[in-house]
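These notes concern the structure reproduced below.
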Amino acid sequence: MMEKIFCRVRTILLEFDVMVLHLIGDNVPFHCIRRLFYRLGGVRIGKGSALHMGIRFYDPAGISVGEDSIVGEGSVLDGRDRLVIGNHVDIATGVMIYNAEHDVRSPSFRAVTAPVIIQDYVFIGPRAIILPGTTIKKGAVVAAGAVVTKDVDEGSIVGGVPAKQIGIRQTKNLNYKLGRAAWFR
């Protein structure tokens, strides 16, 4: 009985934390203030990274963002399992990254989780969806609207539903910086 009460209280506190982060994310147009609250909420954010307005979190304590990375407006970041976003990663507007889902074959429709790893120098186009248990390897590009259901090889360009390789990135020696994010996004 006590375990059930403890679990419920923990869930309520997490929901409150996420609500505060949503309010901050929707209404505070300054990166430095949002970053402070996101870090207090449990998100690990590297130097020079920017998380734009309107981001939705699921369990922020499971989320890690590397250095010089940008997450676009209206994105969804799921931390119910481990979500690791590397350095110099550009995640466009409206990207949804999930690491939890329901097992549709289970009679109880049970929840299952699996980590999502996004390595360095990855670009994820607008409205792409990344599903649980996937790794997007260094320098890969995910086209707008793609649904990633399995690992993406280093330097690959993928698109479609489900995402399939549509090209190879020609640049092999990736060492760029993304530059400054817009001040009021």
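The values are calculated or read from the model by the stated rules, or taken from the named source; none is laboratory data. Not measured: the values here are computed from a predicted model. Using ideal geometry, Cβ is built from the backbone for each residue, glycine included, and neighbour counts are taken over all protein chains shown.
Out of 24, 12, I need the residue that is farther than 27 Å from residue 178 by Cβ and either out of contact with any Pro (no Cβ under 9 Å at 6 or more places or on another chain) or of a type outside the set (Lys, Arg) (or both). Which one? Spell out how you get there, then give the answer.
Values: 24 fails: farther than 27 Å from residue 178 by Cβ.
Residue meeting the stated conditions: 12.
Quick grid of which residues meet (1) closer than 30 Å to residue 29 by Cβ; (2) in contact (Cβ under 8 Å) with a residue 12 or more places away in the chain; (3) crowded, with 19+ Cβ neighbours inside 10 Å:
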position: 77; (1), (2), (3): yes, yes, yes
position: 91; (1), (2), (3): yes, yes, yes
position: 126; (1), (2), (3): yes, yes, no
position: 145; (1), (2), (3): yes, yes, no
position: 161; (1), (2), (3): no, yes, no
Legend entry - Of the criteria (1) hydrophobic (A, V, I, L, M, F, W, C); (2) out of contact with any Pro (no Cβ under 7 Å at 6 or more places or on another chain); (3) under 29 Å from residue 166 (Cα atoms), which one residue 61 fails: (3)
Legend entry - Close pairs (8 angstrom Cβ cut-off, 6 or more residues apart or separate chains): free of Cβ contacts under 8 Å to residues at least 40 places away in the same chain and on the phi > 0 side of the Ramachandran plot in region 94-111, surrounded by 11 or more Cβ atoms within 10 Å (Cβ to Cβ) and of a type in the set (Ser, Thr, Tyr) anywhere: 94/75
Legend entry - Residues of region 121-142 satisfying the condition of being outside any strand (DSSP E or B), under 18 Å from residue 69 (Cα atoms) and not charged (D, E, K, R): 121, 122, 125, 126, 128, 139, 140
Inset, instruction - From 160, 133, grab the single residue that is modelled with pLDDT of 90 or more, of a type outside the set (S, T, N, Q) and farther than 26 Å from residue 61 by Cα. - result: 160
Legend entry - Residues (under 18 Å from residue 83 (Cα atoms) and either surrounded by fewer than 21 Cβ atoms within 10 Å (Cβ to Cβ) or of a type outside the set (A, V, I, L, M) (or both)) located in region 128-143: 129, 131, 132, 133, 134, 135, 137, 138, 139
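Do any strands (runs of 3 or more DSSP E) entirely within region 1-114 hold 3 or more residues that are under 24 Å from residue 142 (Cα atoms) and of a type in the set (A, V, I, L, M), and if so, which?
Details: elements: 56-58, 63-65, 76-78, 83-85, 100-102, 111-113.
Those strands (runs of 3 or more DSSP E) span 83-85.
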